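Asker: A single structure is presented below for examination.
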Amino acid sequence: MILDIDGEEKSFKICGIYSDITNGGETAKACFSTDLDEILYCMISAKMINSSSIVKETETYLKNFNYAKVSAVEEYVNQTFGSTRNSIEVASNISKVLALFIIILIIALFLKMLIAKDKYFIAIMKSLGFTNKDLSIQYISRAVFVSIIGIFLGTIISNTLGEIFAGALIGSFGATTFKFIINPISTYLLLPIMLILSVVIATILGTCNMEKIKISDNIKE
């Protein structure tokens with residue numbers, strides 16, 4: 001790579017990749033001397049031996065170097081990735097609501113089709129003394145059982161292949177070492193409960209017309 005430095009062409013060799021999500025992955029670093037007097041900015045990183053004194057040391061540096069901007073890693077991350085994280089959180093919440101709505105819609109439509117197919121079987125069960133509530137519980141138990149298996153397999157796949165594909169996608173924007181931190185309460189408790197409740201609601205909606213099925217209309221000699 002040839003660069004024009006102080007009116008002189010200098011040859012540089014690319015020896016590494018520097019990923020920077022804040023600039024779309026299009027950031028480069030080079031080490032050379034120049035006659036330019038003005039420096040836009042300079043960033044110096046420091047690691048504290050005692051992590052409990054970060055706040056105190058930050059205040060000390062701010063007092064001693066009033067021309068510099070001193071911030072802890074947490075503050076720097078919030079300033080750099082705060083808007084990105086907020087956007088991802090909003091998109092995540094919207095996707096959860098849409099996913100639950102789609103799940104309820106698909107399961108309700110599928111059960112309506114299944115009940116229309118099982119009219120003869122439902123009529124026989126009613127003739128044997130089963131009530132509409134008993135039949136609804138039967139459909140709910142079957143749907144919940146299948147959903148539990150799906151949640152179990154989906155959790156395993158999302159924790160393995162999901163992070164790989166998501167990391168590859170985000171890595172195309174420059175963050176090659178982007179890693180997701182799993183929230184165990186949300187992932188293994190809240191979301192499965194929400195999915196199971198959605199399945200139960202969808203099953204109730206899908207089987208609400210089962211009481212209209214009459215024995216006399218579906219059983220013939």
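Asker: By how many nm would the segment from Phe145 to Leu161 grow when fully extended, if each residue of separation counts as 0.36 nm and the alpha-carbon distance is taken off?
Answerer: Extending this stretch completely gives an extra 3.3 nm.
Asker: Helix 191-206 sits at what angle to the longest principal axis of the chain, using alpha carbons and giving 0 to 90 degrees rounded to 10?
Answerer: 30 degrees
Asker: At 20 °C and 1.002 mPa s, what whole-number value in µm²/s does Stokes-Einstein give for the translational diffusion of segment 95-147, with Rh from the Kirkwood sum over Cα pairs?
Answerer: 173 µm²/s
Asker: Let me ask something additional. Based on the Cβ-Cβ distance from Leu40 to Val97, what FRET efficiency comes out when R0 is 35 Å, to the nearest 0.05?
Answerer: With a Förster radius of 35 Å, E is 0.20.
Asker: A further question follows. Once you have the Cα-Cα distance between Gln79 and Ala168, take 0.36 nm times their residue separation minus that, and quote the gain in nm to one decimal.
Answerer: Working it through step by step, the gained length comes to 29.6 nm.
Asker: Are there any trypsin sites (Lys or Arg not before Pro) in segment 28-123 that are in a DSSP loop and have at most 13 other Cβ atoms within 10 Å? List them by number.
Answerer: In loop regions of segment 28-123 (DSSP not H, G, I, E or B), the sparsely surrounded trypsin sites (Lys or Arg not before Pro) are Lys29, Lys47, Lys69.
Asker: For segment 35-74, run through the GluC sites (Glu not before Pro) and keep only the ones in DSSP coil with at most 16 other Cβ atoms within 10 Å of their Cβ.
Answerer: Glu38
Asker: Further question on the same structure: Quick check: pseudo-label points 7 Å beyond the Cα along Cα→Cβ at Asp6 and Ser127, how many nm apart are they?
Answerer: Label-label distance for Asp6 and Ser127, simple model: 10.1 nm.
Asker: With labels modelled as points extended 7 Å from the Cα through the Cβ direction, what inter-label distance (nm, one decimal) is found for Ile182 paired with Phe152?
Answerer: Placing both labels 7 Å along Cα→Cβ, they lie 1.6 nm apart.
Asker: In percent, how large is the relative contact order of segment 82-218, given Cα pairs closer than 8 Å and 6 or more residues apart? All intermediate terms of the calculation are to be shown ahead of the outcome.
Answerer: Numbers: 74 pairs, mean separation 68.6, N = 137.
With pairs under 8 Å counted, the relative contact order is 50 percent.
Asker: Are there any chymotrypsin sites (Phe, Trp or Tyr not before Pro) in segment 53-122 that are in a DSSP loop and have at most 10 other Cβ atoms within 10 Å? List them by number.
Answerer: Qualifying residues, ordered by number: Phe65, Tyr67.
Asker: Same structure, new question: Between Val90 and Lys112, what length comes free when the chain is fully extended (0.36 nm per residue of separation minus the Cα-Cα distance, one decimal in nm)?
Answerer: Extra length available between Val90 and Lys112 comes to 4.6 nm.
Asker: While we're here: If the elastic network links every pair of Cα atoms under 10 Å, which of Ile14, Ile196, Ile122 fluctuates the most in the Gaussian network model of the chain?
Answerer: Sorting by GNM fluctuation, first place goes to Ile14.
Asker: Still on this structure, I have one more. Under 18 Å from a point 7 Å along the Cα-to-Cβ line of Cys208: which residues of segment 114-131 have their amide N that close?
Answerer: 114-116
Asker: Out of all Cα-Cα pairs in the chain, roughly what percent, to the nearest whole number, are more than 28 Å apart? Could the numbers behind the result be given before it?
Answerer: Values: 14727 of 24310 pairs.
The proportion of pairs with Cα distances above 28 Å equals 61 percent.
Asker: Still on this structure, please answer the following. Under 8 Å for C-alpha pairs, at least 6 residues apart: give me the relative contact order for segment 1-160, rounded to a whole percent.
Answerer: Relative CO of segment 1-160 lands at 8 percent.
FYI, it's all coordinate maths here, none of it is from the lab. As the structure is a computational prediction, the values presented were derived from the model and not from experiment. For neighbour counting, all protein chains shown are included, and Cβ atoms are generated from backbone atoms with ideal geometry for every residue, glycine included.
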